[in-house]
1. Rounded to whole Å and ordered largest first, report the semi-axes of the equivalent ellipsoid of the protein assembly as shown derived from its Cα gyration tensor (root of 5λ).
2. Averaged per residue, what accessible area in Å² does the range A:237-358 show with a 1.4 Å probe, protein chains only?
3. Between the DSSP loop rule and a limit of at most 15 other Cβ atoms within 10 Å, which chymotrypsin sites (Phe, Trp or Tyr not before Pro) in the range A:215-289 are left?
4. Once you put a point 7 Å from the Cα of B:V315 and another 7 Å from the Cα of B:S43, both along the Cβ direction, what distance in nm separates them?
5. Counting partner chain Cβ atoms within 10 Å of every residue's Cβ in A:83-90, what's the average?
6. Just tell me how shielded B:237-243 is by partners: mean number of partner chain Cβ atoms within 10 Å of each residue's Cβ, no decimals.
7. In degrees from 0 to 90, rounded to the nearest 10, what is the angle of the helix A:92-101 Cα long axis to the longest principal axis of chain A?
8. How many partner chain Cβ atoms sit within 10 Å of a residue's Cβ in peptide A:150-159, on average, as a whole number?
Amino acid sequence: MAEIELRQVAKKFGDLWAVKPMDLTIYDGEFVALLGPSGCGKTTTLRMISGLEAVTEGRIFINGKDVTWLSASQRDIAFVFQFFALYPQMTVRQNIAFPLESQGMKRAEINQRVAEVVKLLEIGHLLQRKPPALSGGDKQRVALARSLVRKPACFLMDEPLGALDAEFREVMRAEIKRLHLAQHATTVYVTHDQVEAMAMGDRIVVMSAAEVQQIGTPAQVYHDPANLFVANFIGSPGMNLVPGKYVGDEVHLRGGSVYPTPPAWRPTLAARWQRDDVIVGFRPEAAQVSETGAIRGMVYASDLHGSYTMLHVSLNGELRPNGNGEDTIVHIRARRDVHYVIGSLVRFDLNPEMVRFFDPESEKAIAKEVRG
Amino acid sequence: MASTRVEHAFSRVGPGFAVVESVRVDQITPRARLGITARLILSIIIAFVMLIPVLWMAMTAFKARPDATASPPKVIFVPSLDGFIGLFTNRTQLSAAALAEQQQRTDLNFWERQTLARGMRILGPSKFVSQLSNSLIIAISSTILAVTLGLLSAYAFSRYDIPGKRDWLFFILSTRMLPAVVVTIPIFLMYRAVGLYDTHVGMILLYTVFNLSFSVWLLKGFIDEIPIEYEEAALVDGYSRLQAFRKIVLPQCVTGIAATAVFCLIFAWNEYAFALMLTSEKARTAPPAIPANLGIGGIEWHVIAAGSMLFLIPVVIVTFALRQYLLRGVTFGAIRQ
Ligand SMILES: Nc1ncnc2c1ncn2[C@@H]1O[C@H](COP(=O)(O)OP(=O)(O)OP(=O)(O)O)[C@@H](O)[C@H]1O
Ligand SMILES: [Mg+2]
């Protein structure tokens, strides 16, 4: 098993930074999800780790050994491609045995190794088929089997579930997680689906525009996003971000509501804040609808999600169906058994533990000072 | 009413009938049906017109000399192997005495008896046999070379960032832009100077170079279509670039290789202008040799036809055997499988 370390690793294609210098350590046995929107450099990062792409800057270490200039075949890694890359002209068995044959392994041992992974992934009935005749899920299983069979130091997966149906993704997600737990293999998993990253990752690396935005556990990136991008990107819908002005322990939110800041935050906000503008961030579940709530708005839309209702609330207090730039719509979670009429007024409070503040200038989260 | 008219014209299609096969409405209106029928008939007529010369050639090949030149042309005739005998043998006209002597012999084979019936005796095989084998050697060797070299450079062009890649590709293509006749004279002079005139090596080299541009472009189209992930997977799995090429790319572009080989083979097999100018005795190929079958008493049309027909057969067989690859070949691999 292996520990992977990236030190100031960067990639430039011509004049374009695909990945700006990044530091990242992936510990032995860890499952790290690389998350970000399309084109942010996730695949490029993964390909640099694998050795399929040369770095422009920086060094890569696997188990403390500098592998920056080693070829892919010398790094002892397995790569699972988005479209599986199963060799169409070979049977499933030949596909799975292929990585072993490169090592000149004995036939008996190859058969035994193949039998092991075949059992692990329950694909015994597919062995004589050719990949084009398989369903998406089966192709995925075979691709996983092919990567597992060599017992590599680490697994690199590039959106391995991207080509599957929604229904099947969930099954395979559980399967990959199960395999990871069973093998305890260091895994780097690229995805643009934050649900997948949250569900699977021990840690998540959030990337955007070729830069690492935050590295943290799913709970950290969800509850303590490092900046506005992460706050908005993680969660569906993302964190509510309402601009306002900080005036004497209160924030005058856009739309007219006045939000009294939680006492714990006051020293930080008062001491650090030279200017008065601030962005208040809160998750939908941080809001509590109440008659006496400090923030008020008008119900703009309401979606029933089974166990709860998601209210879309316009803080401007009036309905602007076409929503122009002035309007501020927030999402809040409400009880499912209360019917909220569209256009009616709602008031809500925020759980003081779950409120976050951001600097509109730097777009970074404001860290709460802990006075000892 | 429109609907009844459709029902009337196509009794099994339309509302109220089970859908046996899916049909687009615009394909089953009477007009469309008429159009389809007209096009079909037209294609058959065109195909027939195109095939008449081939048919005529095949017929002439089996005619005896008087039938071949008869005017008006004979459509019904007694088949004869004169043409083929003329093609493959050198003969001599026998005097009356010699003829009588020969006719006494009982050890003559089928061909000799056929010749004897025309008052002639076979002296030995003609040059056509060696010319045909020259054609085979030169066409096959140059095809193998052009496809092998083309495959390697097409792979490089497809997978690597070669400086000035587009210019190189255009340059390679541009070698095909000059008509052959323009370059035959300089090549003739050069070949004579370096001793490649009338040699197999010279002709193989020439056809290889000529086919290479085509082969590079065609194969690049096929290799471009193979996702690079296959090779990358092999690289990660511990194979070298060359092994990945051999085990992964090669099996996946057999279609392209077959299509390219057919086109190269047909070109090299049929080539006339260079062969006429650059060969004489040793390396002469069949195309310039066939029309040179001028007999003593005028053009031996039945011999020429027999030669042309034999010459056509290998191309027909190869084309027929690999026909499913040819369509992808002419579209530069652009059709999805
Ligand atoms: N071989 C290449 N040559 C030039 N530019 C490239 C190359 N590969 C990637 N890029 C560019 O680098 C940037 C990052 O690409 P990358 O594939 O890493 O993104 P990604 O995060 O994996 O996106 P996606 O979710 O769409 O797969 C993109 O702008 C892309 O256009
Ligand atoms: Mg990608």
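The values are calculated or read from the model by the stated rules, or taken from the named source; none is laboratory data. These numbers were taken from a predicted model, which means no experiment stands behind them. Cβ placement follows ideal geometry from the backbone for every residue including glycine, while neighbour counts extend to all protein chains displayed. Note: areas computed on protein heavy atoms with side chains; ligands, DNA, RNA excluded. Shrake-Rupley method; radii C 1.70, N 1.55, O 1.52, S 1.80 Å.
1. 77, 34, 24
2. Using a 1.4 Å probe on heavy atoms only, each residue of the range A:237-358 averages 49 Å².
3. A:W273
4. 2.3 nm
5. Partner Cβ neighbours, averaged per residue: 5.
6. For this peptide, the per-residue mean of nearby foreign Cβ atoms is 6.
7. 80 degrees
8. Mean shielding count: 1.
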